[in-house]
Amino acid sequence: MSTPRSADSPTNHAFTVTHRSVLVIAVPMTLGYLSTPLLGVVDLAVIGRLGDATLLGGIALGGIIFDLIFTVFNFLRAGTTGLTAQAFGARNDPEIKATLLRALVIAALGGLCVILLQSPIRDASQWFLGGSADVQSATRRYFDIRVLSAPFLLANYAILGWFIGLGRAGKGLLLQLFLNGLNIILSIWFVMGLGWSVEGVAFATVLSEIAATLLGLVLVLASTGRGRWPAPGVVFDRRLLMRMMVLNRDIMIRSFALLYAYAFFMARSADQGDTVLAANAVLEKFIMVSGYFLDGLATAAEQLAGRAVGARFRPAFDRMLKLTALWSFAMAGVLASLFYLFGPAMIEFMTTSPEVREIGNTYLIWAVLTPLLGVLAFQMDGVFIGATWSDTMRNMMLLSLAVYIAAYYALFPLLGNHGLWLAMGIFLGLRGITLLAACRRRADRTFAAL
C-alpha cells in the first residue's frame with residue numbers, strides 16, 4: 001500500500017477545519033430541517049379548521065405515502081452532497097457542475113417515473129394503509145394533485161445537496177425557508193381563503209416546489225457566474241455516471257432498511273394494543289426531534305468529509321471527525337437533558353388520554369436515552385456519505401437491522417415493551433459503533449490511495 005501524499009504535494013489542497021467550519025453548515029441546516037415539520041403541522045391545522053375528520057385522515061395518509069416515496073429518493077440530496085464536496089475539495093470546477101447536471105437528470109427521470117406509476121403506487125399504498133371510503137377518497141384527491149410535484153421536489157433535493165456540498169449552507173437554508181414558507185402561505189390561502197379543501201393543500205405543495213426549483217436554478221446560475229458548463233460527453237461520462245448510480249443505490253438500500261426498522265417498531269407496538277401503540281407513537285416523536293437537531297451536524301460532517309477526501313488532505317478529515325463528534329455529543333446531551341426535564345410535559349401536551357400518558361411516562365427513559373444512543377450513527381452517516389463509502393454504510397445498516405430484529409425476539413418475551421425499546425436502542429447504538437470501527441480502516445485506505 002502506498003503512503004499518503006504529503007500536505008505540500010501539488011495534488012493536495014490543504015484547508016483548515018475549525019469550529020466555525022462546522023457550525024456555519026450545521027446551524028443553518030438545522031434551522032432549515034426544523035421548518036419541515038412546521039409545514040406538516042400547518043397543513044393539518046388548516047384542514048382541521050374545516051371540521052371534517054375524513055379530510056384530516058386523507059391528508060395524514062397521503063402524507064405518509066409521499067414520505068415513503070420521497071425518503072427513498074433522499075439519495076439525491078445525500079449523494080449529490082458527497083460527490084460535490086469531493087469535487088470542491090479537488091478544486092475541479094467542471095466536475096462540480098457536472099455533478100449537479102447528472103443529479104438533475106436523475107431527478108427528472110425519477111420524478112417522471114413516479115408520475116407515470118402514480119396509479120399503482122396510490123392503489124397499493126391505500127390498500128396497505130386502509131381507512132374508510134371517505135378517507136380513501138380524500139387521499140386520492142390529495143395524491144393525484146401532489147404527485148405532479150415529484151420532478152420538482154427531486155430537483156430541489158439535488159440543488160440543496162449541491163449547495164451543501166459547496167459549503168454554502170446559507171443558500172440551502174434560504175431554499176428550505178422559501179419552499180416551506182411559501183407552502184404554508186399558499187395552503188392557508190387556498191384552504192381558508194378559497195375553500196379548496198385537500199386540493200388546496202396539494203396545489204400549494206406543487207406550486208411551492210416549482211417556485212423553489214426556479215429559485216434554486218437562479219441561485220445556481222448566480223453562483224457559477226459566466227463560467228462554461230461541461231459538455232454532454234463529460235456529464236454523461238459512463239464511469240462517473242456509474243459511480244453516482246452505485247452511490248445512490250447503496251444510500252437507497254440504507255434508507256429502505258432504516259424505514260423498515262421504524263415500521264417494524266410501530267408494528268410491534270401495535271401488537272401490544274392501541275394504548276401502547278399510542279404511547280410509543282408519542283415517544284417516537286422524541287426520536288424525530290432528535291433527528292432534526294442532529295441532522296444539521298451530520299450535514300456538516302458530509303461536506304467536510306467529502307471536501308477532505310477530494311482535497312486529499314488527511315489532517316482536515318481527522319479534525320472534522322473530532323469537531324463534529326464534539327458538537328454532536330454536546331447537542332445529544334442537551335437534548336437528553338431537555339427530554340428528561342420536560343418529557344412529562346411534552347407527553348401531556350401531545351395526548352389527553354390518562355392511560356397513554358401513564359404508559360408514556362413509564363417508557364420515557366428510552367426517549368431520553370435516544371439522542372445519546374443514536375448520536376454516533378448520525379455523525380458517522382454524515383462522514384460515510386461525504387466520503388462516499390456507501391458500501392460499508394449499507395452493510396453496517398443491514399447488519400444492525402438483523403441484530404435489532406433478533407434482539408427484539410430475544411428480549412420482548414422477557415421485558416415486554418421495555419424489550420422493544422432496548423432492541424431499538426441496540427439498533428441505534430450498533431450502527432454508530434460498527435461505522436466508527438470501520439472508519440479508520442476506510443480512511444487509511446482512501447488517503448493512501450490518493
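Here are the numbers for this structure:
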{"quantity": "Residues of the range 405-429 classified as over 25 Å from the mean Cα position of the chain (by Cα), part of a helix (DSSP H, G or I) and touching a residue at least 24 places away in the same chain (Cβ under 8 Å), total", "calculated": "4"}
{"quantity": "3 or more residues among the small types (Gly, Ala, Ser): qualifying helices (runs of 4 or more DSSP H) within the range 183-270", "calculated": "197-224, 238-270"}
{"quantity": "Qualifying residue in the range 253-270 (condition: closer than 30 Å to residue 344 by Cβ, polar (S, T, N, Q) and under 20 Å from the mean Cα position of the chain (by Cα))", "calculated": "no"}
{"quantity": "Check on residue 384, aromatic (Phe, Trp, Tyr) and either open to solvent by 20 Å² or more (accessible area, probe 1.4 Å) or assigned to a loop (DSSP other than H, G, I, E, B) (or both)", "calculated": "no"}
{"quantity": "Residue count for the range 222-254, restricted to those that are open to solvent by less than 80 Å² (accessible area, probe 1.4 Å) and closer than 23 Å to residue 384 by Cα", "calculated": "11"}
{"quantity": "Residue 219 vs. criteria in contact with a Leu (Cβ under 9 Å, 6 or more places away or on another chain) and either open to solvent by 70 Å² or more (accessible area, probe 1.4 Å) or not hydroxyl-bearing (Ser, Thr, Tyr) (or both)", "calculated": "yes"}
{"quantity": "Near pairs, Cβ below 6 angstrom, 6+ apart or cross-chain, from the range 364-386 (more than 19 Å from residue 307 (Cβ to Cβ) and of a type in the set (S, T, N, Q)) to any residue that is assigned to a helix (DSSP H, G or I) and open to solvent by 10 Å² or more (accessible area, probe 1.4 Å)", "calculated": "370/287"}
{"quantity": "All positions within the range 378-408 that are modelled with pLDDT under 95 and small (Gly, Ala, Ser)", "calculated": "382, 386, 387, 390"}
{"quantity": "Qualifying position, being β-branched (Val, Ile, Thr) and surrounded by 24 or more Cβ atoms within 10 Å (Cβ to Cβ), among 362, 370, 392", "calculated": "370"}
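The values are calculated or read from the model by the stated rules, or taken from the named source; none is laboratory data. It should be emphasised that the depicted structure is a prediction, and the values quoted were computed from it without experimental measurement. All Cβ positions, even for glycine, are placed from backbone atoms using ideal geometry, and neighbour counts span all protein chains on display. Accessible surface is based on the protein model in full, side chains and every heavy atom, while ligands, DNA and RNA are left aside. Shrake-Rupley method; radii C 1.70, N 1.55, O 1.52, S 1.80 Å.
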